[in-house]
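Structure first, then comments.
Each reported figure results from applying straightforward, stated rules to the coordinates on display, with no laboratory input. Quantities reported herein were computed from a predicted structural model and do not represent experimental measurements. Cβ sites come from the backbone with ideal geometry, for glycine too, and all protein chains shown count toward neighbours.
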Amino acid sequence: MSDQPVNAGQNQPEPNAVPVTGLDAVDRVLAEDAAVSELPVNERAAAYQELHTELEAVLHQQPGSLPTGLTGQ
């Protein structure tokens with residue numbers, strides 16, 4: 001009998017895979033976030049601030065323009 005779980009390796013995300021939310025604006029920010037670690041250390045804070053601003057803009061959109069799961073309805 002094997003010590004491995006029956007479905008080991010199935011439905012497991014890649015270790016460094018960029019998550020996909022299905023919301024294009026958020027997915028773009030997440031893809032950019034993955035690249036921040038490649039920047040020089042002294043440029044990362046500004047890059048993260050820019051990504052944060054982009055995510056805030058998504059959250060401040062009118063509820064009718066967001067998917068139902070993000071509006072709480």
Taking Lys and Arg as +1 and Asp and Glu as -1, residues besides Ala46 with C-beta under 14 Å from its C-beta add up to -4
Other residues with Cβ under 14 Å from the Cβ of Asp27 give, with Lys and Arg +1 and Asp and Glu -1, a net charge of -3
Extension length gain for His60 and Val41 (0.36 nm per residue less Cα distance), in nm, is 3.9 nm
